[in-house]
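Novice: My structure is below; once you've seen it, I'll send some questions.
A short reminder: the numbers here are calculations on the coordinates, not readings from a lab. Small disclaimer: the values here were computed from a predicted structure and weren't measured. So basically every Cβ, Gly included, is an ideal-geometry build from the backbone, and we count neighbours across all protein chains shown.
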Amino acid sequence: MLGGGIAFVEYRVEAGYGPERFNGPGLELNMARHFGSRFTLGLSGTGAGLQAAASGDLDRRLGEADASARFMVTPVWGVYGGVTWRAISDDAGRQHWAFGRLGAELRPTFSGDRIHAVGRLGFVPFVSVEGLSSASITVDGAVGLEYEHSRVTLGLLYGVERFAFTSAGDVDRVEQLSKLTLRAGVRL
């Protein structure tokens, strides 16, 4: 399947100096390969331009690539995992991220087999962020709807990742990235 989407991205940082918020539109390209009805491998890339909510902050740019896998244990629930490489930059520099995620996914159907609700909840066992310590608490989750008909798929998904770091001087740093994405795809 080949697809794409448009997203509204929000990035929040709390590092002891008051909250910093950035948001803006993004584009996503993705492809997935289904192996039977249970196993799926996927690749995706996202780019976004994020404007600062406060006038003194620099605007940010976000680019990420993601490799993922999903195995449906039953038609309704399964497990997922993936690795994400992310770069967040502004005019002063760039920060590189690499992290993996594991979790459970629910995909109940209603209205026949065409519409699926999507619910994911997971954790991130490893995070490597340039210039920061390892994350202590990291949560990954998403909710949404997907519609499938013949070879076409449409979806609306809200996803959130929340990272907590302990930096120098025992100051807690919390970063959160959330995306509301409208996706469309075609099975080849």
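Novice: So between ARG38 and ALA117, what do we pick up on full extension, going 0.36 nm a residue minus the alpha carbon distance?
Specialist: Details: separation 79, 0.36 × 79 = 28.44 nm, distance 1.66 nm.
Full extension of this stretch gives 26.8 nm more.
Novice: Would you mind checking region 172-187 for residues with the amide N under 20 Å from a putative spin-label position 7 Å along Cα→C-beta of VAL152?
Specialist: From region 172-187, the list is 181-187.
Novice: Report, in debye and to the nearest 20, how large the dipole of region 2-186 comes out about its Cα centre when Lys and Arg carry +1 and Asp and Glu carry -1 on their Cβ.
Specialist: Using only the charged Cβ atoms, the result is roughly 720 debye.
Novice: Please list the radius of gyration and Dmax for region 97-140, considering alpha-carbon atoms only, with Å as the unit.
Specialist: Taking only Cα atoms of region 97-140, I get Rg and Dmax of 15.5, 49 Å.
Novice: Sticking with this one: In vacuum, with every alpha carbon of region 1-96 counted as one equal point scatterer, what does the Debye formula give for log10 I(q)/I(0) at q = 0.12, 0.26 Å⁻¹? Two decimals, please.
Specialist: Debye intensities relative to I(0), on a log10 scale: -0.51, -1.30.
Novice: What are the equivalent ellipsoid semi-axes of the chain, built from the alpha-carbon gyration tensor (square roots of five times its eigenvalues), in whole angstrom, biggest first?
Specialist: Over the Cα atoms of the chain, the semi-axes work out to 31, 18, 14 Å.
Novice: Using Cα pairs closer than 8 Å and at least 6 residues apart in sequence, work out the relative contact order for the chain, in percent.
Specialist: Values: 541 pairs, mean separation 36.7, N = 188.
Across the chain, relative contact order equals 20 percent.
Novice: With θ set to phi - 60° and the Karplus curve 6.51 cos²θ - 1.76 cosθ + 1.60, what are the ³J(HN,Hα) couplings of region 64-73 in order, to the nearest whole Hz, using x for Gly and Pro?
Specialist: 8, 10, 9, 10, 9, 9, 9, 10, 8, 5
Novice: Residues with beta-carbon under 15 Å from that of VAL76, excluding VAL76: net charge, scoring Lys, Arg +1 and Asp, Glu -1?
Specialist: Neighbourhood net charge equals +1.
Novice: With θ set to phi - 60°, apply the Karplus curve 6.51 cos²θ - 1.76 cosθ + 1.60 along region 105-114 and write out the HN-Hα couplings as whole Hz, x wherever there is a Gly or Pro.
Specialist: Rounded to whole hertz, the list is 10, 10, 9, x, 9, 8, 6, x, 9, 7.
Novice: Provide LEU41, LEU50 in ascending order of the number of other Cβ atoms located within 10 Å of each residue's Cβ, fewest first.
Specialist: The order, fewest Cβ neighbours first, is LEU41, LEU50.
Novice: Using Cα pairs closer than 8 Å and at least 6 residues apart in sequence, work out the relative contact order for region 91-135, in percent.
Specialist: On the way: 62 pairs, mean separation 19.4, N = 45.
After rounding, I find 43 percent.
Novice: While we're here: Can you grab the distance from the C-alpha centre of region 61-86 to the C-alpha centre of region 12-26, Å, no decimals?
Specialist: Region 61-86 and region 12-26 have Cα centres spaced 25 Å from each other.
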